[in-house]
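Novice: I have a structure here, written as structure tokens, and I will follow up with some questions on it.
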Amino acid sequence: MAKLEVGDLEVKGEFVSAELSFSDENLYRVVNGVKIPLSQTKANELFALPTTATGQQQYTSAGTYSWVCPPGVHQVQVVCIGGGGGGMDNWANPAGGGAGLGWKNNITVTPGVSYTVAVGQGGSSTSSSQSAALKGGSSYFGDINTVCGKGGGNASGGAATADGPNSNGSGGGYTGDGGGAGGNAPNYQGGGGCGGYGGRGGNGYESQFPGWNTDSGGAGGGGYYSSTYGTGAGGGTGLNGAGPINGNQPFYNPFSGYNNTNSHGSGGSGRAGGTNGAYGENPFSGTGASSSNVQGGTHGGGGGGPGTSWPSASGNGGTGGVRIIWGPPGSRSYPSNAT
């Protein structure tokens, strides 16, 4: 076994007084003759080379990719947003749940090595309550345990259940240093908003009620008129770090009356550069965004639900996305220094 006197070793610009020893490729800190194992994370933190290059790569189309670490890059910061859940076709069926967003900083990487990147597809609108197609796909870097935004689902349950913390399987969850779960889309309500960099997405129809209309950090949930008519889709969240909600009212743009052209359930507001969800059927005119086109916002908004005059007018969930950034130590990080 080799022994290093760390008092003679410079580690990341600092001299350390304790000893380190290596045994069978394991690293220990030695204090008063007692070996204390160091975690792999701590060892990487102590001995990782600093990143000298600056750059980024993002993926916004559903699929699986290989990212090859560039020269001079030893740590990366990553955000992952899953695909939103799809709305279920046929009258008075549920909209889709919002996707989760997860971010993580200082992920150790090695130049020249390939890493898996997956971008989740938004759930497809369908008439089957048990269809796995309703469920949005998860987005991740490396694997789902490193950093991941999980896909939204649909409150119908079964194969449509989301990979998230909610009992009805609607909003998607996440893994990482931080992020937010997707908003729920309860039966006959609007689509759930995508999670944010510091909190959950809005639930469908949640902020119709003034006492509920508070900004929880994610994109807005879709609006709703009644269980008879179609519901708006949830808003999406952008990939460039934390930012404000679109518009002046968090989570919801309310209908302005029962008998006018603005009576439809509005789409949820996007966040941090994400797009708004599409609006639902208008009970006054009997029209919606268009048949099967009440789409969730980009990225990760839940698809809207159908109504009477537009029985197939639900919509797909918003597609997910992954963004990888790197730069010298301390120069770039999520959630608020990611440009």
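The values are calculated or read from the model by the stated rules, or taken from the named source; none is laboratory data. These numbers come from a predicted model, not from an experiment. Using ideal geometry, Cβ is built from the backbone for each residue, glycine included, and neighbour counts are taken over all protein chains shown.
Novice: Given the structure, is Gly220 at pLDDT 90 or above and among the small types (Gly, Ala, Ser)?
Specialist: In short, no.
Novice: Here is a further query. Which of the numbered conditions does Gly102 fail, given that it passes all the others? Conditions: (1) surrounded by fewer than 24 Cβ atoms within 10 Å (Cβ to Cβ); (2) not in a loop (DSSP other than H, G, I, E, B).
Specialist: With (1) surrounded by fewer than 24 Cβ atoms within 10 Å (Cβ to Cβ); (2) not in a loop (DSSP other than H, G, I, E, B) applied to Gly102, the lone miss is (1).
Novice: I've got another one for you. Taking the stretch 121-158 as the search range and keeping residues that are over 15 Å from Ala185 (Cα atoms) and in a strand (DSSP E or B), which one is nearest to the chain's Cα centre (by Cα)?
Specialist: Gly149
Novice: Just to be sure before I move on: is Ala118 closer than 15 Å to Ser314 by Cα, assigned by TED's automatic domain parsing to the domain that holds Val322, in contact (Cβ under 8 Å) with a residue 24 or more places away in the chain and not in a loop (DSSP other than H, G, I, E, B) in the structure I sent?
Specialist: Working: closer than 15 Å to Ser314 by Cα: no; assigned by TED's automatic domain parsing to the domain that holds Val322: yes; in contact (Cβ under 8 Å) with a residue 24 or more places away in the chain: yes; not in a loop (DSSP other than H, G, I, E, B): yes.
Against the criterion (closer than 15 Å to Ser314 by Cα, assigned by TED's automatic domain parsing to the domain that holds Val322, in contact (Cβ under 8 Å) with a residue 24 or more places away in the chain and not in a loop (DSSP other than H, G, I, E, B)), Ala118 does not qualify.
Novice: Of all residues in the stretch 286-336, which are in contact with a strand residue (DSSP E or B) (Cβ under 9 Å, 6 or more places away or on another chain), outside any loop (DSSP other than H, G, I, E, B) and either at pLDDT below 80 or not β-branched (Val, Ile, Thr) (or both)?
Specialist: Residues satisfying the conditions are Gly305, Gly321, Arg323, Trp326, Ser333.
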